[in-house]
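Encoded as C-alpha cells, the structure appears first; notes follow it.
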Amino acid sequence: IVVMIPCLNEEKAIYKVVRDFQKELPQAEIIVFDNASIDQTVSEAKRAGATVISEQRRGKGFVVQSMFQKVDADIYIIVDGDDTYPAERVHQLLKPVLGGEADMAVGSRITQEHQSKFRWINLLGNKFYLSAINLIFNTKLTDVLSGYRCMNRRFVKGIPIFVTGFEVEVELTIKSLERGYQIVEVPVDLRSRPEGSHSKIRILKDGFKILWAILSLFRDYKPLTFFGSLGLICILLGLIPGFVAISEFIVYQYIYKVPSTILAIGLVLAGMGSIAIGLILHTINHRIQELEYYFRVLVDHKKR
C-alpha cells in the first residue's frame, strides 16, 4: 500500500497529513509528490518521514501522471496535502478495493447528510459538473472531483492520463466508467483548510478547463451521441427557414427568399454530415475498445 500526496506550497499542513496517515497505515509507504513548491513543503514532508519525489511540471494532472508512472504498488491511495480529508476514513476506502468489490473507491464529500466545509461557489461548481457527467454517462455518482481515492494496481496501470490540471479527477472518473471499472463511493466530510493555507484552484480558469475536459471526453467516448446531437440540432434549425421556403414555393410556385433557402440546405447538410461523422467514429471507437480488451487479456495471461 502506497499513500501518494500531491503538494504545492502546503508547508502549513503537509507534516500533519503525513503523520496522520502514518498513524492509520503504519505498514504503508508515504510519498509526497512536490509540484515545484517555493515554501518549506519539501523539508516539512521529509521531517515527517515521507519520501519526496519532485515533479517540476506545474499542474495536478502532471503530478498524477508521474505518480502512476513512477510508483509500483498493489494498492494506491491519493489524498490532497491540504489536510482537508480525514485520514481515519482511509480504512473505509481500502475495504471495497481490498475485498475485490471495487477497482476505485472515491471519498464522496457531497452525500445527502454531508457536513463538508465547502465554499458556496465550489459546491455549486461541483454539483454542476456532477449533473453534467451523470446525464451524459448515465450514472448516479455523488462526487466526481474528490481528491481522496483508493485504487488497485489493475486500475492504475489501465488508465491513461493526459490532462494537466485539476480536471484530472474528471478524466479518472469518466475513463474508469467507459472502461468498465467498478467504482464505489465512501462518505467523507471535507474539513476547512488550516489557517494560512490557501486553495490553488482558480475558479474561472480551472472551472473552464474542467468543463472542457468533460466535453472532450464526451466527444471521444460517446461520439455518436455527441455528433448525432449536434447533427439533429442543425437539422432542426434548418427546418425553420426551410419551412418558410417550402411554404413560399407552394403558394407562389417560386422561391423569393433565396438566402434563407441556402441557409436551410446548408444546416441540413451540416447536420447529416455530423451524424455521419458520429457513426464513423462510433464504429472506430467500438473496434478500439475490442483491441483494448484483447490487450488486457493478453497482459493478464502473460502475468500468469
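Would you point out the residue of the range 99-113, among those that are over 20 Å from V168 (Cβ atoms) and touching a strand residue (DSSP E or B) at 6+ places or on another chain (Cβ under 7 Å), that is least open to solvent (accessible area, probe 1.4 Å)? Let's see the steps before the verdict.
To start, the set of residues in the range 99-113 that are over 20 Å from V168 (Cβ atoms) comprises 99-101, 111-113.
Now restrict to residues that are touching a strand residue (DSSP E or B) at 6+ places or on another chain (Cβ under 7 Å): 101, 111.
On the way: E101: 116, T111: 36 Å².
Looking at the filtered set, the residue picked out is T111.
Looking only at residues in the range 6-28 that are touching a residue at least 40 places away in the same chain (Cβ under 8 Å) and acidic (D, E), which one is least open to solvent (accessible area, probe 1.4 Å)? Walk me through how you get there before you give the answer.
Looking only at the range 6-28, we keep the residues that are touching a residue at least 40 places away in the same chain (Cβ under 8 Å), and these are 6-10, 12-14, 16-17, 20-21, 23-25, 28.
Those left that are additionally acidic (D, E): 10, 20, 24.
Details: E10: 11, D20: 42, E24: 48 Å².
Selected residue: E10.
Do we have any residue at all in the range 62-71 that's more than 23 Å from V170 (Cα to Cα), surrounded by fewer than 15 Cβ atoms within 10 Å (Cβ to Cβ) and not small (G, A, S)? Please lay out each step first, then the result.
Quick first cut of the range 62-71, residues more than 23 Å from V170 (Cα to Cα) only: none.
Checking the range 62-71: not a single residue is more than 23 Å from V170 (Cα to Cα), surrounded by fewer than 15 Cβ atoms within 10 Å (Cβ to Cβ) and not small (G, A, S).
Tell me, which helices (runs of 4 or more DSSP H) wholly within the range 120-201 include 3 or more residues that are open to solvent by 30 Å² or more (accessible area, probe 1.4 Å)?
120-137, 153-158
Go through (1) among the aromatic types (F, W, Y); (2) open to solvent by 30 Å² or more (accessible area, probe 1.4 Å); (3) not in a helix (DSSP H, G or I) one by one and return the number of the condition Y85 breaks.
With respect to (1) among the aromatic types (F, W, Y); (2) open to solvent by 30 Å² or more (accessible area, probe 1.4 Å); (3) not in a helix (DSSP H, G or I), Y85 is out only on (2).
When the range 8-25 is examined, which residues are found to be within 21 Å of V71 (Cα to Cα) and modelled with pLDDT under 95?
L8
In the range 45-61, what count of residues is obtained for those that are open to solvent by 50 Å² or more (accessible area, probe 1.4 Å) and touching a residue at least 24 places away in the same chain (Cβ under 8 Å)? Please lay out each step first, then the result.
At the first step, the residues of the range 45-61 found to be open to solvent by 50 Å² or more (accessible area, probe 1.4 Å) are 46-47, 49, 51, 54, 56-58.
Adding the requirement that they be touching a residue at least 24 places away in the same chain (Cβ under 8 Å) leaves 47, 49, 57-58.
The total comes to 4.
Go through L124, L94 for me and flag whichever is free of Cβ contacts under 8 Å to residues at least 24 places away in the same chain and farther than 17 Å from R191 by Cβ.
Just a single option satisfies the conditions, and that option is L124.
Only residues in the range 284-304 that are acidic (D, E) count as the first member; pair them with residues that are in a loop (DSSP other than H, G, I, E, B), Cβ under 9 angstrom, at least 6 apart or cross-chain, and list the lot.
E292/R179
The values are calculated or read from the model by the stated rules, or taken from the named source; none is laboratory data. Here the structure is a predicted model, which means the values were calculated and not measured. Heads up, the Cβs are rebuilt from the backbone with ideal geometry, glycines too, and the neighbour counts pull from every protein chain shown. These accessible areas exclude ligands, DNA and RNA; they are computed on the full protein's heavy atoms, side chains included. Shrake-Rupley method; radii C 1.70, N 1.55, O 1.52, S 1.80 Å.
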